[in-house]
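J.: Pasting a structure here, questions to come.
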Amino acid sequence: MKRILLLTTGGTIASRQGDQGLAPAIHSDEILRYLDHLGNGYQFAQRDLMDLDSSNIQPEEWRLIARTVYEHLADYDGIIITHGTDTMAYTASALSFMLQNLPKSVVFTGSQLPLEDPHTDALQNLYTAVSAVDEGICGVTVAFNRRIICGTRAVKVSTMGFDAFHSINAPPMAEIYADGMRVYRRSTHELDPTRPIQFDDTLESNVFLLKLIPGTRPEIFDALAAMDYKGIVLEAFGAGGLHYINRDLLDRLEMITGRGIPVVVCSQCLYERSDLSIYEVGQRLLAKGVIPGNDMTTEAAVTKLMWVLGQTRNREEIERYFRRSLAGESTV
Ligand code: ASP
């Protein structure tokens with residue numbers, strides 16, 4: 001008998017049509033009714049945490065979800081969290097850093113159409129989440145469209161299609177086929193069963209994501225420093241380039257890193273890694289003391305920087321954290 005806790009946070013999966021469009025209205029007891037027919041092999045418990053469109057889920061909510069998981073995980077084989085799809089990858093990633101060395105499944109799922117819609121994908125996604133617990137896949141994952149994705153590798157790629165999440169720069173952990181579930185990896189991280197869960201929900205939420213465009217003005221960095229941002233993730237061009245002719249971003253970046261504000265450089269390309277050593281523009285950037293984001297998704301880079309800044313402000317230590325993969329987020 002598997003014991004599973006269902007935590008709900010809102011999202012399309014729990015939405016009904018109201019006067020002003022879809023809004024969360026369905027609660028965990030109703031969701032569980034749809035899982036009744038799974039039979040006696042499961043004992044479900046439930047708790048409604050919040051009723052939000054995930055656009056409103058922010059670091060405060062991540063901490064509440066993480067703490068709830070931490071407080072209840074010992075009593076269950078796994079926890080399923082229903083969540084809006086729009087920011088699910090951020091929440092899954094944030095929880096992956098706040099809850100390390102997880103020996104059990106913590107699975108996020110949601111849907112593109114509400115649970116009560118005749119065309120819904122919600123049931124399939126809930127069943128996939130249950131299968132992740134069944135298979136004992138450890139760590140924070142996203143279950144969607146018959147696929148289980150490491151929480152730090154998930155990205156929402158479609159606004160309407162049912163194949164809404166892809167596993168970026170790492171194969172999915174498991175997939176459901178007609179002959180059953182094919183499990184490729186059983187843990188998102190290197191699990192040390194002799195150690196307890198490492199829970200730390202300290203986050204520095206003053207982190208800014210800057211996506212460059214040709215012509216971005218260097219003064220943006222002065223504005224970010226004046227706003228007291230404590231860290232920046234830079235989405236640079238291609239393998240990691242930025243302009244310094246006509247508008248010199250390098251000069252302002254040097255000011256930023258010189259002030260002790262860490263800058264993590266990722267690529268605007270969704271797939272494959274950034275590599276600042278290939279091009280002259282990248283090497284110039286590296287010389288300004290930025291931290292390579294390697295093949296991390298933007299969602300993972302932003303939440304990792306928030307979490308790392310919650311641990312330390314020491315430059316070398318921050319860099320050391322980014323050279324390691326803490327929760328499957330980076331190929332090292
Ligand atoms: N706007 C919804 C949300 O993120 C979309 C969804 O759940 O699919 O809450």
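J.: Considering only residues that are part of a loop (DSSP other than H, G, I, E, B) and in contact with a His (Cβ under 7 Å, 6 or more places away or on another chain), which ones fall in region 111-158?
T.: Here is the first cut: in region 111-158, the residues part of a loop (DSSP other than H, G, I, E, B) are 111-121, 135-137, 145-146, 151-153, 157-158.
LEU113, VAL157, listed by residue number.
J.: Sticking with this structure for a sec: Going by what's in this entry, would ARG153 be described as within 18 Å of ASP86 (Cβ to Cβ), touching a helix residue (DSSP H, G or I) at 6+ places or on another chain (Cβ under 9 Å) and at pLDDT 95 or above?
T.: It is true that ARG153 is within 18 Å of ASP86 (Cβ to Cβ), touching a helix residue (DSSP H, G or I) at 6+ places or on another chain (Cβ under 9 Å) and at pLDDT 95 or above.
J.: Taking the conditions exactly as written (touching a residue at least 12 places away in the same chain (Cβ under 8 Å), buried (at least 23 other Cβ atoms within 10 Å of the Cβ), under 20 Å from THR216 (Cα atoms) and small (Gly, Ala, Ser)), does GLY240 satisfy them or not? Walk me through how you get there before you give the answer.
T.: Details: touching a residue at least 12 places away in the same chain (Cβ under 8 Å): yes; buried (at least 23 other Cβ atoms within 10 Å of the Cβ): yes; under 20 Å from THR216 (Cα atoms): yes; small (Gly, Ala, Ser): yes.
Yes, satisfied.
J.: Okay, moving on. Right, LEU276: touching a residue at least 24 places away in the same chain (Cβ under 8 Å) and under 29 Å from LEU64 (Cβ atoms) or not?
T.: Values: touching a residue at least 24 places away in the same chain (Cβ under 8 Å): yes; under 29 Å from LEU64 (Cβ atoms): no.
Answer is no for this residue.
J.: Can you name the residue in region 8-20 that is of a type in the set (Gly, Ala, Ser) and under 19 Å from LYS156 (Cβ atoms) and is also nearest to the ligand (Cβ to nearest atom) among such residues?
T.: Across region 8-20, the extreme among qualifying residues is GLY11.
J.: Report whether or not LEU191 is in contact with a strand residue (DSSP E or B) (Cβ under 6 Å, 6 or more places away or on another chain) and at pLDDT below 95.
T.: When the stated conditions are applied, LEU191 passes them.
J.: Of all the residues that make up region 284-306, how many are assigned to a helix (DSSP H, G or I) and farther than 20 Å from THR257 by Cβ?
T.: 3
J.: Is it true that some residue in region 55-76 is closer than 21 Å to SER205 by Cα, touching a residue at least 12 places away in the same chain (Cβ under 8 Å) and of a type in the set (Phe, Trp, Tyr)?
T.: Yes: one or more hits.
J.: Given the residues ILE149, ILE168, which is the only one that is under 26 Å from CYS269 (Cβ atoms), touching a residue at least 40 places away in the same chain (Cβ under 8 Å), away from the ligand (no atom under 14 Å from the Cβ) and within 13 Å of the chain's Cα centre (by Cα)?
T.: Answer to the check: ILE168.
J.: A further question follows. Limited to region 293-320, what total is found for residues that are under 20 Å from GLU272 (Cα atoms), of a type in the set (Asp, Glu) and out of contact with any helix residue (DSSP H, G or I) (no Cβ under 7 Å at 6 or more places or on another chain)?
T.: Of the residues in region 293-320, 1 are under 20 Å from GLU272 (Cα atoms), of a type in the set (Asp, Glu) and out of contact with any helix residue (DSSP H, G or I) (no Cβ under 7 Å at 6 or more places or on another chain).
J.: Still on this structure: Among (1) surrounded by 16 or more Cβ atoms within 10 Å (Cβ to Cβ); (2) more than 18 Å from the chain's Cα centre (by Cα), there is one condition PRO193 misses while meeting the rest; what is its number?
T.: It fails just one condition, (1).
J.: Also: From the list ARG47, ARG63, which residue is farther than 17 Å from LEU32 by Cα and charged (D, E, K, R)?
T.: Going through ARG47, ARG63 in turn, the sole match is ARG63.
Residue-wise test of (1) closer than 19 Å to ILE148 by Cα; (2) surrounded by 18 or more Cβ atoms within 10 Å (Cβ to Cβ); (3) more than 13 Å from the ligand (Cβ to nearest atom).
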{"position": "ASP51", "(1), (2), (3)": "no, no, no"}
{"position": "ILE57", "(1), (2), (3)": "no, yes, no"}
{"position": "TRP62", "(1), (2), (3)": "no, yes, yes"}
{"position": "ASP77", "(1), (2), (3)": "yes, no, yes"}
{"position": "THR82", "(1), (2), (3)": "yes, yes, no"}
{"position": "THR91", "(1), (2), (3)": "yes, yes, no"}
{"position": "LEU95", "(1), (2), (3)": "yes, yes, yes"}
{"position": "LEU99", "(1), (2), (3)": "yes, yes, yes"}
{"position": "HIS119", "(1), (2), (3)": "no, no, yes"}
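J.: Let me ask something additional. Being over 25 Å from PHE237 (Cβ atoms), outside any loop (DSSP other than H, G, I, E, B) and within 16 Å of the chain's Cα centre (by Cα) is the filter here, so list the residues in region 307-332 that pass it.
T.: Within region 307-332, TRP307 is the sole residue that qualifies.
The values are calculated or read from the model by the stated rules, or taken from the named source; none is laboratory data. Just so you know, these numbers come straight off a predicted model, no measurement behind them. Using ideal geometry, Cβ is built from the backbone for each residue, glycine included, and neighbour counts are taken over all protein chains shown.
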